[in-house]
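Below is one structure, written out as structure tokens, with a few remarks after it.
Values quoted throughout were computed directly from the atomic coordinates according to the rules given, and no laboratory measurement underlies them. Nothing here was measured: the structure is a model prediction, and the numbers come from that model. Positions of Cβ are backbone-derived with ideal geometry, glycine not excepted, and every protein chain shown enters the neighbour counts.
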Amino acid sequence: MRYEFAPDLQVRMEEIVIALQMSHIELTRVKCFRSKGSSTKRTLARCHTIGKLMQKAMGTEAFYTIEFLERFEKLPIDEQDKVIIHELLHIPKTFGGGFRQHDFVCEENVEIMHEKFMNLRKKEG
Ligand SMILES: [Zn+2]
């Protein structure tokens, strides 16, 4: 596996967080990376974090990474935005190093957030 910081996706992720007012997300503690060489064919992206014990042991706060796999690049831009929203929804309100599960991070909630994002974007012109 090879990982590379993705400044373009970082900017898009930050725009989404700000537009949708996901104020629990600490932008300085979420970083977007592209990965190459994964054998999983179906995965588009995934969210990583460090657990509570590791945070305590390392004397650090929670940190999240969103990894975008090669297949992500082939999606149309709207679908890419939905994937970004999906991954952001995995980050809980506590920003504590856990995840919200797929009962909450579901197609329906992603669609609602995406529509909101599109409408906000339209208003801005
Ligand atoms: Zn998910």
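Quick notes
- Mean separation of Cα contacts under 8 Å, 6 or more apart, over the residue count of the chain: relative contact order %: 26
- Lys/Arg +1, Asp/Glu -1 at C-beta; the stretch 2-124 dipole; positive extreme among Q55, V30, L120: Q55
- Note on the chain: GNM, Cα springs under 10 Å; of V110, V11, V83, the largest mean-square fluctuation is that of V11.
- Estimated 222 nm signal from helices in the chain, with DSSP H stretches of n ≥ 4 weighted -39500 (n - 2.57), rounded to 500: -13000 deg cm²/dmol
- Overall shape of the stretch 61-104 was characterised from the C-alpha gyration tensor. The equivalent ellipsoid obtained from it has semi-axes of 23, 12, 8 Å, in decreasing order.
- FRET efficiency for F104 and R29, using Cβ-Cβ distance with R0 set to 30 Å, rounded to 0.05: 0.90
- Distance from the stretch 92-112 to the stretch 10-34 (C-alpha centre basis), Å: 14
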